[in-house]
Each structure stands twice: as C-alpha cells, then as structure tokens.
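The values are calculated or read from the model by the stated rules, or taken from the named source; none is laboratory data. Everything numeric in this text was worked out from a predicted model, so none of it was measured. For neighbour counting, all protein chains shown are included, and Cβ atoms are generated from backbone atoms with ideal geometry for every residue, glycine included.
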Amino acid sequence: MVPRYDSESHLVIIGAGATCASFPKGDYRGRLIPAMNGFLEKTGISNNFPELTELVTKYPNLEDLYSELSQDSKYQGILKRLDLTIREYMASLHCGSQINLYDKLMLSLTNRDYIATFNWDPFLAQSYYYMSYITSDLPTILYLHGNVAIGYCENCHNIGYLWNKCQSCKEQFTPVPLLYPVKEKNYEQNPYIKNSWAALKELINNSSMITFWGYSAPKSDTAALSMMHEAFDNSASKNFKQFEIINIAEESLLEEAYKGFIYKLTHISYVKSFYQSEIAKNPRRSCDCLFENTMLCIPSSVVDENENRITIQEKDDLLALIKKMKQIEGEDVFRYCYNQNPIESKEALVNRFGRNLIGIME
Ligand SMILES: [Zn+2]
C-alpha cells in the first residue's frame, strides 16, 4: 500500500474540454454544453435575442460577441439580460444518474488536493455534492470564472451552494458573478474570485503535481495565462513539478499553448483522456506515487491485497469505485459521511443513483 505524504498535493486545472469529455451527449436531458464558439446558437439562447441576430452571425464566438457588446454602453441592458439567460440555462443542467468523469475525478483526489475550474456549468459542484455523502475526504474546488451553482456571503466570506444560507450569518448566499472570457478580465472586482485567484497562485507555487484538463490555454486568455505563468516562474520548485496535460488536441499545438510552463527540466506528459492520466492510474495517491518514484527511487503504484494495481476504469460504476476507494483508504473513510447522517445521505444518493446502486453502503 502506498503511504500518504501529506505535504504533497495535486492541483487539477479544468477547462471547457473537461466538461465536454464528461458529458459528450449533454446533460441527462441531452441539453448541450457548447464551447464559446457557437454558444448562443447551439443552446438556442440566440432565439431570445432577435435584436442581436446580425451581431451573433458576425461574432459566433461568445467571447468576441461579449467583447463587442461591452464596448458600447447602449448594450448594457442587453448584456444584463444575456447574462441572466446564460445563467438560467446553465443552472438548469443536471448530471443525471450515470456516474461521470467528474465523479471519478472527485473520488480520485483527497483533501490535500485542489481543483480549479474555469467552467460556469454546475456539474463539478453537483459531483462534489453527491460524493460528499460518501466521504468528507475530497478536494477543495476554486471557481476561477464564477459558477452558476455557487453563492458567496459578502459579510462572512463563506461560499456554498447558491440555494443554501450562509452557515455563519444565516443570510441567503448571493450569486458569484460569471466572468466572461474577454481580453481584459477583471479578477479584482468580486472578493470570491479575487480570493480564488490568490489561492490558485499559491497552489501553482506549492503543488508537486499540476494537471491541466481540457484547458486550451487560448491566447485570448492573456490575463489568466500571465497570472499563472508568473506564479509558476516564481516557484522555487518549478523544476521538480510534474506537469500533465489531458487534452485531445495535437501535441504540437499543446506544446505551443503551454510553452509558458515549459522549462529545460520541466517534467511534462501529454495524454488524450482522463483514464490515461496519473489521477486515474494512481487514484488518491498520485503525488505519493510520484514522490516515491522520483525522490525515494522506489517503483510505486496503488495495489490491492493481491498486489494488482488499482486504477480507475471506464466501466467502473459507483459500487466499483467505492470498493476501490475502500481498498486504498480502508473502510472508515468511506463510511464516515454516510454514517453521520444516514437518512439524508441515503436520500441524496438514492435520488441520483437509484436504490440498487447504493446497496453496498448498508
Ligand atoms: Zn454570512
């Protein structure tokens, strides 16, 4: 069994490609989650804005359209309505009963680890919600561009699900704004987003492994990229970090997009899918395995009682995943949350996965 080195942590940075890979056919009702290009057309939102027809044809990319509209004060009212409509659409998406890649990602990391997402969609927050009925040993999530499922308390600086009240002052959470991908992003305006970026810079500095999943590092993301490059540049351990890029794009394109992170000694690997990543190959122990392999020079992987390697597979359902997690962490970690509040846990899990799938918890 691979031990846990608590000083080692894994940062996973997520872009739109990760949601596309997790929900290739859309949400459970088949509602699509398109990339920025063609966003308004593919979601049908453009139908609600006949006054923008010409502009939407000229600027099919939401990023370009938003940049254009935000430069003219006469569009202020439309921009507000557009934001509300996009928010409504995104907030209505639901992951459905099938286990998805975000669920697998969530259970493959631990409370030492972090996920920072650029995405507005609610799927990662939904995964966290359901998986937290299985274990409390989950990663922390940062929503770098805001998120439709997340609210913020301006008095206490707490965050939570938008539909909840602040745990300290009991006031209803207010929505975190959605940041649009324009050239000049304002990361300072909202305190939650500002704090998330400060935390991200720390994490880029300190994490021993950094995975970018489905993030294309577009040139238009100048502000975000230069902040991340600077944090990486300042990191004393930059030559020892392990970088991993999960992306379906050509390797040569990725090398170009990620050149700001590549130094002479950077360890970087490119894989096409989550299942080929170190996260899936060494669930809950990605950094520990890296530490043992590189620092202690012992070959290391996570194995079961028969010395068979435990990896996350495409065919794994919730029961298979829980069984594997128990083999890695022991029974207690994975019964804890369920036992704390069995009625609520059971209700939430049955609601999503159905009665049969949660039988193993009892
Ligand atoms: Zn509060």
Candidates K170, K238, K194 - the one that is touching an Asp or Glu at 6+ places or on another chain (Cβ under 9 Å) and not β-branched (V, I, T): K194
In the stretch 14-33, the residues that are of a type in the set (V, I, T) and outside the structural domain of Y258 (by TED's automatic domain parsing): I33
Residue match in the stretch 256-275 (condition: under 22 Å from the mean Cα position of the chain (by Cα) and touching a residue at least 60 places away in the same chain (Cβ under 8 Å)): yes
Hey, I268 among the β-branched types (V, I, T), farther than 27 Å from A21 by Cβ and touching a helix residue (DSSP H, G or I) at 6+ places or on another chain (Cβ under 8 Å) or not: no
Count - residues of the stretch 276-304 that are within 21 Å of Y102 (Cβ to Cβ), buried (at least 22 other Cβ atoms within 10 Å of the Cβ) and of a type in the set (D, E, K, R): 2
Residue that is nearest to the ligand (Cβ to nearest atom), among those in the stretch 131-157 that are among the aliphatic types (A, V, I, L, M) and assigned to a loop (DSSP other than H, G, I, E, B): A149
Looking only at the stretch 209-224, and only at residues there that are out of contact with any strand residue (DSSP E or B) (no Cβ under 7 Å at 6 or more places or on another chain) and assigned to a loop (DSSP other than H, G, I, E, B), the one that is farthest from M295 (Cα to Cα): S220
Selection within the stretch 150-197 - in contact with a strand residue (DSSP E or B) (Cβ under 6 Å, 6 or more places away or on another chain) and among the hydrophobic types (A, V, I, L, M, F, W, C): I150, I159, L162, F173, V176
Tally, over the stretch 158-181, of residues that are more than 8 Å from the ligand (Cβ to nearest atom), surrounded by fewer than 19 Cβ atoms within 10 Å (Cβ to Cβ) and not in a strand (DSSP E or B): 4
Identity of the residue in the stretch 69-123, farther than 20 Å from A35 by Cβ and charged (D, E, K, R), that ends up surrounded by the fewest Cβ atoms within 10 Å (Cβ to Cβ): K74
Top-ranked residue of the stretch 317-362 - restricted to ones that are β-branched (V, I, T) and closer than 23 Å to Y5 by Cα, ranked as modelled with the lowest pLDDT: V333
Residues satisfying the stated conditions in the stretch 305-331, i.e. surrounded by 15 or more Cβ atoms within 10 Å (Cβ to Cβ) and among the hydrophobic types (A, V, I, L, M, F, W, C): I310, I312, L318, L319, L321, I322, M325, I328
Tabulated pairs, the stretch 13-39, first under 16 Å from L124 (Cβ atoms) and in contact (Cβ under 8 Å) with a residue 60 or more places away in the chain, second assigned to a loop (DSSP other than H, G, I, E, B) and of a type in the set (F, W, Y), C-beta under 7 angstrom, 6+ apart or interchain: I13/Y215; I14/F118; I14/Y215; G15/F118; G15/Y215; G17/Y215; I33/F23
Filtered residue count, the stretch 194-215, keeping only those that are touching a helix residue (DSSP H, G or I) at 6+ places or on another chain (Cβ under 9 Å) and more than 24 Å from V176 (Cα to Cα): 6
Residue under evaluation Y338, criteria (1) farther than 16 Å from H10 by Cβ; (2) of a type outside the set (V, I, T); (3) without any contact (Cβ under 8 Å) to a residue 40 or more places away in the chain, criterion not met: (3)
Filter result (modelled with pLDDT of 90 or more and within 19 Å of D221 (Cβ to Cβ)) within the stretch 47-64: Y59, P60
